[in-house]
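Taken together, the values in this text are just the output of simple stated rules run on the coordinates, not laboratory data. Since the model is a prediction, treat every value here as computed from it, not as a measurement. Every residue, glycine as well, gets a Cβ built from its backbone with ideal geometry; the counts of neighbours run over all protein chains shown.
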Amino acid sequence: MATLIEENHKEDDITFWIDKHNRYASRLAEEDRRRAGHAPARPIAPALFGSPDQRILWLKNLWSRLPLYARPLLYFIYRYFLRLGFLDGKQGFIFHFLQGFWFRLLVDIKLDEARTHAPSGHD
């Protein structure tokens, strides 16, 4: 069995990583905002104990109902403590903090900004 190792040396530079994830956060916040605006018909029903696709939909529905700004902290606790990310040492802490907390917090901030600055339609 071959091992796949991904090495993107550009990501060794924190500025590159932050810029990239800032763009991703903008896209994800916009996607979340659009999804909240109208519930599209889904060919599969969300279910915790269903197929992997059903479980992902169920988790996304749960995630969207959690309060903004609490979600990143909960996700970081899940990844770092419950999934034993603390065993990865200093590099693991940095990774889990940036990916699990900072990135998710950035998405929530951008989502909140989009909601706050969205036209209300009451002109």
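A compact table of results
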{"read-out": "Residues F103, F81, sorted so that the one with the fewest Cβ neighbours within 10 Å comes first", "value": "F81, F103"}
{"read-out": "Cα pair distances in the chain, grouped into 10 Å bins until the bin that holds the longest one, percent each", "value": "11, 31, 36, 18, 3, 0, 0"}
{"read-out": "DSSP loop GluC sites (Glu not before Pro) with at most 13 other Cβ within 10 Å: longest gap in the chain", "value": "8-123"}
{"read-out": "Linear extension gain, A36 paired with Q91, 0.36 nm per residue minus alpha-carbon span", "value": "16.3 nm"}
{"read-out": "MRE, 222 nm, helices only [DSSP H, n ≥ 4, -39500 (n - 2.57), over the chain, to nearest 500]", "value": "-17500 deg cm²/dmol"}
{"read-out": "Point-to-point label distance, A45-L98, nm (Cα→Cβ direction, 7 Å offset)", "value": "4.3"}
